[in-house]
Each structure stands twice: as structure tokens, then as C-alpha cells.
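Q: Can you keep this structure in mind? I'll have questions shortly.
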Amino acid sequence: MTAARAEVDAGVARLVQWLESGVAPDGLATADAFADLTFPQWRVQFRGGDELIRARHDRHPQPGQVRVERVDRTQRGFAIEIEERWVDGGQNWYCREQIRCDLRGDAIAELSLYCTGDWDEARVIEHATAVSLIRP
């Protein structure tokens, strides 16, 4: 059995709102939430919804734009594939992420994130010159 549609839809909407604005909506994560974040050459973990929110705020510029590529409901919540774009230091930045969220109600109780790493303008241009993607 998968998580309830309404809870998943609410959880996805609040996650995207937070990623785009940098402002966590009320009830985004449980007080005892656990997060495991993996980057190309680093991994960190956080315990507690407030710690998760603070970690994002301290480690990632806001605001930005999120393009949702895919959402799959799971037994406990959802998995989401996104593309993020933002401006920092006068440059446009880009990354792709896959995030698995286990929900308690519609709040994040556990989150695992896998990120490509942040690509600056030079890396985006280098990639576009070297690779023709079949799907954008």
C-alpha cells in the first residue's frame, strides 16, 4: 500500500515551496526528522526538522526555481526527481537531485537526498557543448 495521495501531494508541494523560496512552510518536517544528504564528494546527516531547515538555509542560496521531473509515491511517502536553478554571486547555477521522503501525515519524517553537485555557468556551457541530451 502506498502513502495517501492527499498527504503525498501536500508533502511534495511544501517541499518544492521550501526549495524555491528558502522559507520552510509550517509543518514541513517532524520535530524528530532525519536527513541524509549525499553530494559528489561529501555526505552529511541531520536530526530534527529545525536542523534540516537550518542546514538547507546555511548551505544553499535561495530563492531559486525547481522543475519537478518526476514524483513516485512509495509505501511511506514519495521519491522526487528535480532540477534546481538559482543565482548566486552574479552567476546562474544548476543541479539535479533525487530525494526520497518518508512522511508522517504530510510532514517529512525522513529524507535522503542525492545531488549532482552545483554547476556554475562554465560547467553548464561545457556540458551543453559536449552532450546532446535525449530528454531535457
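The values are calculated or read from the model by the stated rules, or taken from the named source; none is laboratory data. Here the structure is a predicted model, which is why all the values come from computation and not from measurement. Every residue, glycine among them, receives a Cβ derived from its backbone with ideal geometry; neighbour counts consider all protein chains shown. Accessible surface is based on the protein model in full, side chains and every heavy atom, while ligands, DNA and RNA are left aside. Shrake-Rupley method; radii C 1.70, N 1.55, O 1.52, S 1.80 Å.
Q: Return the residues of segment 26-38 that are modelled with pLDDT of 95 or more and out of contact with any Asp or Glu (no Cβ under 6 Å at 6 or more places or on another chain); say none if nothing qualifies.
A: Of everything in segment 26-38, those that are modelled with pLDDT of 95 or more and out of contact with any Asp or Glu (no Cβ under 6 Å at 6 or more places or on another chain) turn out to be L28, A29, T30, A31, D32, A33, A35, D36, L37, T38.
Q: Continuing with the same structure: Across segment 110-126, which residue is farthest from H60 (Cα to Cα) among those that are assigned to a strand (DSSP E or B) and of a type in the set (A, V, I, L, M, F, W, C)?
A: Only one residue fits best here, namely L111.
Q: Restricting attention to segment 16-40, report how many residues are surrounded by fewer than 18 Cβ atoms within 10 Å (Cβ to Cβ) and not β-branched (V, I, T).
A: Counting residues in segment 16-40 that are surrounded by fewer than 18 Cβ atoms within 10 Å (Cβ to Cβ) and not β-branched (V, I, T) gives 12.
Q: Of the conditions (1) within 15 Å of L19 (Cα to Cα); (2) not in a strand (DSSP E or B), T129 fails just one. Which one is it?
A: (1)
Q: Filter segment 65-90 down to residues that are under 13 Å from V16 (Cα atoms) and either modelled with pLDDT under 95 or among the charged types (D, E, K, R) (or both) and give me whichever is least open to solvent (accessible area, probe 1.4 Å).
A: That would be E84.
Q: Just to verify a result, which residue in segment 31-68, among those that are touching a Leu at 6+ places or on another chain (Cβ under 6 Å) and either of a type in the set (V, I, T) or not in a strand (DSSP E or B) (or both), is nearest to G89 (Cα to Cα)?
A: The qualifying residue nearest to G89 (Cα to Cα) is V66.
Q: Which of the residues spanning segment 100-130 are under 17 Å from R70 (Cβ atoms) and among the β-branched types (V, I, T)?
A: Passing the criteria: only T116.
Q: Residues R43, R54: which one is open to solvent by 30 Å² or more (accessible area, probe 1.4 Å) and either modelled with pLDDT under 95 or among the hydrophobic types (A, V, I, L, M, F, W, C) (or both)?
A: Step by step, each of R43, R54 is checked, and only R54 is open to solvent by 30 Å² or more (accessible area, probe 1.4 Å) and either modelled with pLDDT under 95 or among the hydrophobic types (A, V, I, L, M, F, W, C) (or both).
Q: Next up: For A13, state whether it is among the small types (G, A, S) and open to solvent by 30 Å² or more (accessible area, probe 1.4 Å).
A: Yes: the conditions hold for A13.
Q: What residue, among those in segment 111-136 that are loosely packed, with under 12 Cβ neighbours inside 10 Å and among the β-branched types (V, I, T), is nearest to C101 (Cα to Cα)?
A: By that ranking, first place goes to I134.
Q: What is the residue count in segment 70-90 for residues that are more than 15 Å from the chain's Cα centre (by Cα), assigned to a strand (DSSP E or B) and among the basic types (K, R)?
A: The number of residues fulfilling the criteria is 1.
Q: Mind checking which residues of segment 91-109 are within 21 Å of S21 (Cα to Cα), part of a strand (DSSP E or B) and either acidic (D, E) or open to solvent by 70 Å² or more (accessible area, probe 1.4 Å) (or both)?
A: Once the filter is applied, which keeps residues that are within 21 Å of S21 (Cα to Cα), part of a strand (DSSP E or B) and either acidic (D, E) or open to solvent by 70 Å² or more (accessible area, probe 1.4 Å) (or both), segment 91-109 yields N92, R96, E97, Q98, R100.
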